[in-house]
């Protein structure tokens, strides 16, 4: 039996240490430079509270929309083959690589006051620009591809025999989707939800370009951090620490949920 060269193990350890250091030091530095008093003062600031509340409210609304519409859409892409499917997948994933400012400009050009659908929407009494609803729309646009991509992969990883067996036992397509596909793909769906929610919480550019930054209306936590950066760096650090803590709690919750789900699946098998 050949032994793995010692240098390769050392190389793996060094690259892991370098990656861990590079990705964690900036996050740790936020908390190192933010004292408990600064953090409490930030939480007591009305503008910071408004921004955090708006971020949680709009991101939760966006996630509900993304999951409700994106789950069946991802299932269709995973289980159906049709002409132009690759093009459809590419178009859905395109926002992943768009610069945030371009995403904001695109939303303005589509549904802004002078956009393609803007006049028709205004005639119907629907206005997005500079409204809280515009924040939700921006978050859905930038975060949806993260969920769709993960959900599609989760559905594609399912054993086709499970779906076929469900149909054989008399379940219709909708019942198979709800009672077999979604529960079986749940860990992947939850992971996609976490990625999308984290992206929505951290969204900055598209929101600023499309919705503006008005306190209590469109100013989310990332926009409030940017607003404070030049005049109150300590306040920006404290608000950043809160946002990091919320994001970390979200990721930890997802890992616990998905871990428990996989253990339950293993026991069931």
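General remarks:
- Among 84-93, 17-26, 138-147, the order from most to least packed when residues are scored by Cβ within 10 Å on average: 138-147, 84-93, 17-26
- Added length on full extension, which subtracts the Cα-Cα distance from 0.36 nm per residue, residue 159 to residue 251: 30.4 nm
- Protection proxy ranking, peptides 158-164, 168-174, average beta carbon neighbours within 10 Å, highest first: 158-164, 168-174
- Quarter the surface of the alpha carbon convex hull of the stretch 76-170 and you get the mean projected area, 8.9 square nanometres.
- Label assignment, Cα Rg over 2.2 N^0.38 Å derived from the structure, set [x] 1.00; [y] 1.20; [z] 0.89: [y]
- Once the chain from residue 21 to residue 53 is taken as fully extended at 0.36 nm per residue, the excess over their C-alpha distance is 8.3 nm.
- For q = 0.28, 0.31 Å⁻¹, Debye-computed log10 I/I(0) when each Cα of the stretch 154-195 counts as one equal scatterer: -0.92, -1.04
- Rel. contact order, % - alpha carbon contacts under 8 angstrom, at least six apart, the chain: 29
- Helix-only mean residue ellipticity at 222 nm for the chain, each DSSP H run of n ≥ 4 adding -39500 (n - 2.57), per residue, nearest 500: -25500 deg cm²/dmol
- Along its three principal directions, the equivalent ellipsoid of the stretch 113-210 from the Cα gyration tensor extends over semi-axes of 37, 18, 9 Å, largest first.
Only the coordinates and a few stated rules stand behind these numbers; no lab work does. Computed from a predicted structure; not experimentally measured. In this analysis, Cβ positions are derived from the backbone assuming ideal geometry, glycine residues included, and neighbour counts consider all displayed protein chains.
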